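The values are calculated or read from the model by the stated rules, or taken from the named source; none is laboratory data. Please read all numbers here as calculations on a predicted model, not as lab measurements. Note: ideal-geometry Cβ built from the backbone for every residue, glycine included; neighbour counts use all protein chains shown. Quick note on the areas: whole protein, heavy atoms, side chains included, nothing else; ligands and nucleic acids left out. Shrake-Rupley method; radii C 1.70, N 1.55, O 1.52, S 1.80 Å.
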Amino acid sequence: MSRREAGGTALIVAAALCACAYHAIYGAYRAAAREGLLLYIGIPADSIAFWFLVVAFLSGASGLSLLLPALIGRIRKKIPRRTVGWLTGVAAAAAVPYFGLVFLFAALGAFGIGDTVKIVAADGTSVLVTQDGFGGDSAVLHTEHDEYHYKRVRDAPEISGWPRVKDQECRLDSAGNELQLLCGDKTLLVAPDEAGV
């Protein structure tokens, strides 16, 4: 086995492992979403899953570009070698638009189309505010459910639009059973039953 073949095989194995990680993390994210929860591990779990998918695409493509020419070059007869080479090239050209589109959406998911801002109160209580990435028209408030999950509480049109939540000086105040989110000159109250307390 040549170094190219070994490197290509290693990259394809890495791509397969990243694809498995993508499926596991995205499956956990979707399971939480079915219960109205957001899986959050420093960033939303779907972004983490899409990063694994991006790495799987890049390492898989690199691995194939190293491995296929080496394997096709092992075919001894000229006509079968050229036939397999041309068929591989045609199959790759046909697959590029599909995989390019999937890669584009994976990259958008990895970089995040919107914003997720975590705001922590002095006592450690936190909320997440998600805002869409297009016009910023939709902002959603999430409160802690457990260590890695946040529960969707309600839409927050008061803080949607511009400036975006991430660009504002937002703070969370916790007084007894009541949470109060202050973003600029806007104040949002989170009722005790909404916060899960």
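For the chain, the spherically averaged projection of the C-alpha convex hull amounts to 14.2 nm². Put the Cα centre of the stretch 1-64 next to the Cα centre of the stretch 79-119 and the gap is 14 Å. For the chain, the longest principal axis of the C-alpha atoms and the axis of helix 3-34 are separated by about 30°.
Only sites in a loop by DSSP and with at most 11 other Cβ atoms within 10 Å count here; which chymotrypsin sites (Phe, Trp or Tyr not before Pro) in the stretch 102-184 make the cut? Listed in order of number, the matching sites are 134.
May I ask for the longest run of the chain untouched by GluC sites (Glu not before Pro) that are loop-located per DSSP and have at most 11 neighbouring C-beta atoms (other than their own) within 10 Å?
So the longest stretch without any such site is 36-146.
The apolar share of the surface of the chain, taken as the fraction of accessible area on carbon and sulfur atoms (1.4 Å probe, ligands and nucleic acids excluded), comes to 63 percent.
For the stretch 18-122, the Cα-based Rg and Dmax, in that order, read 19.6, 73 Å. Semi-axes of the equivalent ellipsoid of the stretch 105-176 are 22, 15, 11 Å, computed as sqrt(5λ) over the eigenvalues of the C-alpha gyration tensor in descending order.
Per residue, the Cα convex hull of the stretch 1-65 amounts to 63 Å³. Loop-located chymotrypsin sites (Phe, Trp or Tyr not before Pro) in the stretch 27-87 (DSSP state not H, G, I, E or B) with no more than 15 neighbouring Cβ atoms inside 10 Å do not occur. Once the 1.4 Å probe is applied to the protein heavy atoms, the chain comes out at 60 Å² accessible per residue.
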